[in-house]
Amino acid sequence: MNQSSDADVVVIGGGPGGYVAAIRAAQAGMRVICIEDRPALGGTCLNVGCIPSKALLNSSRYFWESKERWGRHGIVIEGLSLDLPAMMRQKSEAVRTLTSGIDHLFRKHKIERIQGRGRLTVGRVAVSASEGGTRDIEAPSIVVATGSAPIALKDIPIDEQRIVTSTGALALPEVPEHLVVIGGGYIGLELGSVWARLGSRVTCLEMTDRLLPGMDHELATQLQRILEKQGLTVRLQTKVAAARRLGETIEVSLASSGEGRLETLQCSHLLIAVGRRPSTDGLGLEQAGIDVDEHGFIKIDRQFRTTTEGVFAIGDVAGPPLLAHKAMDEAVACIDGIAGRTGYVNYDAIPAVVYTWPEVASVGRTEDELQANGVTYRAGRFPYRANSRGRCTGDLDGFVKVLADEKTDLILGAHILGPDAGTTIHELVAAMEFGASVEELSRMSHAHPTVNEAVREAALAAHGRAIHI
């Protein structure tokens, strides 16, 4: 290690990629400085993203089920009411506990943390500290992990009160009378589900011909039907032309792509959830000689090296998929490479989860992708309506689908719509990581009764041997 420098590794960003990179580097015996402008570590995911949204999704599902589902199990609740401030406090406590945990880990590993903004120079990072003053930090290795930010729509001013991004939607002080969501991706569907369960009328607008663009088409189609049964209104092929706030009302101008006519929709709140962009503002990428692609993501090679020597990039800022666990995987692999070890990320086996109810989970290729690439494959499907655990709990919607190569029988992809799909998918992730065939998956013993039995049945179905359908 170079003792003449200020640190061995400087990490810009304290989100899932950044803080994991810092900890991994400290574990390797490196001197580490982490720069993060938020008061709390954890980035968007922990502070205003993954964790608070999942806390509200969980709490809102309890409330919804107590009204809509518990009666069939013989549980009768009279005088049920919503205490939204208490629900928000529970969300905030989950965030506070986890951010405090990262602070503890930084102290444990003797990682220096600077609150401020970092700007790249040649071999250095210029830091503007939040409490004032500047500092130049020299290090042989610099890791950029600044994450992403919500994409704004032109001419729609965001105030985070009535016209909100995901950040504002997680902190509304009251249940919206009518929430319009622009975007049918995972953020829009999750937050739309939260407020629909708590009593809001929710309309989801998606400009393409399906929800969850990029995920399995069959899965997205069935999810739409389920969400509509839960009370959400979904409008596809609908583009927002403009929106303006008129006091406590939002006026949204719509253009239906199929008909080409304009329409006005009024609501109390508007959520813009049309995707995320890389957070590179103020980093000085151009001056540092770091190239970006046409979408603004930092270009990297297989070792996460940018076009400037000694500077690496990981996580959302380095391109999709924009997932916290992908950023963590890249953090470990990047630091291992800097430390002279072999870093490894299998991008074909990174799961993606949408935390609606039922949940959506996918890993690997979709049928659309396989067909577009001329891959011959087998598809095995099994519905939760035929799953014994689903019958016990009443979670009957959805299915498991496993896709296997016709020639090798290797698992190419798996897609789940069902209860706890985000947990169940990891059986498929492990199988793909270790190169299991569908035949091998179908021979694995599965405890009865469990939802995971649907995975084995889907594997059996790929060869026409499902037992329970």
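The values are calculated or read from the model by the stated rules, or taken from the named source; none is laboratory data. Keep in mind the model is a prediction, meaning the values are calculated, not measured. All Cβ positions, glycine included, derive from the backbone under ideal geometry; neighbour counts span all protein chains shown. To get the accessible areas, we keep the full protein, side chains included, count just its heavy atoms, and leave off ligands, DNA and RNA. Shrake-Rupley method; radii C 1.70, N 1.55, O 1.52, S 1.80 Å.
Taken over segment 49-73, residues that are farther than 22 Å from residue 18 by Cα, modelled with pLDDT of 95 or more and open to solvent by less than 80 Å² (accessible area, probe 1.4 Å) amount to 11. Where strands (runs of 3 or more DSSP E) fall entirely within segment 216-309, none has at least 2 residues that are in contact with a helix residue (DSSP H, G or I) (Cβ under 8 Å, 6 or more places away or on another chain), open to solvent by less than 60 Å² (accessible area, probe 1.4 Å) and over 29 Å from residue 360 (Cα atoms).
Scanning segment 169-180 for residues that are surrounded by fewer than 21 Cβ atoms within 10 Å (Cβ to Cβ), of a type outside the set (D, E, K, R) and in contact with a strand residue (DSSP E or B) (Cβ under 8 Å, 6 or more places away or on another chain) yields one hit, 178. Going through (1) under 17 Å from residue 22 (Cα atoms); (2) surrounded by fewer than 16 Cβ atoms within 10 Å (Cβ to Cβ) one by one, residue 143 falls short only on (2). The residues in segment 421-469 that are in a helix (DSSP H, G or I) and over 29 Å from the mean Cα position of the chain (by Cα) can be counted, and the count is 6. Residues in segment 184-199 that are small (Gly, Ala, Ser) and open to solvent by 10 Å² or more (accessible area, probe 1.4 Å): 185, 196, 199. Note on segment 321-341: among residues that are exposed (fewer than 14 other Cβ atoms within 10 Å of the Cβ) and not basic (Lys, Arg), the one that is farthest from residue 123 (Cα to Cα) is 321. Could we say that residue 387 is open to solvent by 40 Å² or more (accessible area, probe 1.4 Å) and either without any contact (Cβ under 8 Å) to a residue 24 or more places away in the chain or in contact with a strand residue (DSSP E or B) (Cβ under 9 Å, 6 or more places away or on another chain) (or both) here? Judged against the criteria, residue 387 is not a match.
The requirement of being among the hydrophobic types (A, V, I, L, M, F, W, C) and within 30 Å of residue 69 (Cα to Cα) is satisfied by residue 354.
Condition check: touching a helix residue (DSSP H, G or I) at 6+ places or on another chain (Cβ under 7 Å), touching a residue at least 40 places away in the same chain (Cβ under 8 Å) and not in a helix (DSSP H, G or I). Does residue 417 satisfy that? Judged against the criteria, residue 417 is a match.
Residues checked against (1) closer than 30 Å to residue 311 by Cα; (2) hydroxyl-bearing (Ser, Thr, Tyr); (3) over 27 Å from the mean Cα position of the chain (by Cα):
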residue	(1), (2), (3)
12	yes, no, no
17	yes, no, no
32	yes, no, yes
44	yes, yes, no
74	no, no, yes
